[in-house]
1. Could you please let me know if Ser21 is at pLDDT below 95 and among the hydroxyl-bearing types (Ser, Thr, Tyr)?
2. Under 9 Å between Cβ atoms, at least 6 apart or on separate chains: pull out the pairs that start in the range 57-82 with a residue that is charged (D, E, K, R) and assigned to a helix (DSSP H, G or I) and end on any residue that is at pLDDT below 95 and surrounded by 10 or more Cβ atoms within 10 Å (Cβ to Cβ).
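The values are calculated or read from the model by the stated rules, or taken from the named source; none is laboratory data. Remember, it's a predicted structure, so these values are computed and weren't measured experimentally. Note: ideal-geometry Cβ built from the backbone for every residue, glycine included; neighbour counts use all protein chains shown.
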Amino acid sequence: MCCQPCPNLFTPLWNLPVAASPPAHHGNNIDNKIEQAMDLVKTHLMFAVREEVDGLRSKIYDLENHVRRLEAENSILKRTIPNDTLKQLHLKL
């Protein structure tokens, strides 16, 4: 059993007991692990961003193709529709 009371969530940090200082090489080990973890997070984020960019590029390509088809269809319809119908359509827009 411990000789100090267990802290709860509401215990301020300055009231917690201070542990003995770890050896100097221990700090470097922790720094290395933190750096490795940050590199791993960076790698995962870059991978996720690349996937998202690729997906968005694909969507843009599909939408641009769809727009071209609609524009071609629109120009065909404008050439074949009677002028009075076209004028009425422009008045409604």
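1. For Ser21, the condition - at pLDDT below 95 and among the hydroxyl-bearing types (Ser, Thr, Tyr) - is met.
2. Close Cβ pairs satisfying both conditions: Lys78/Leu86.
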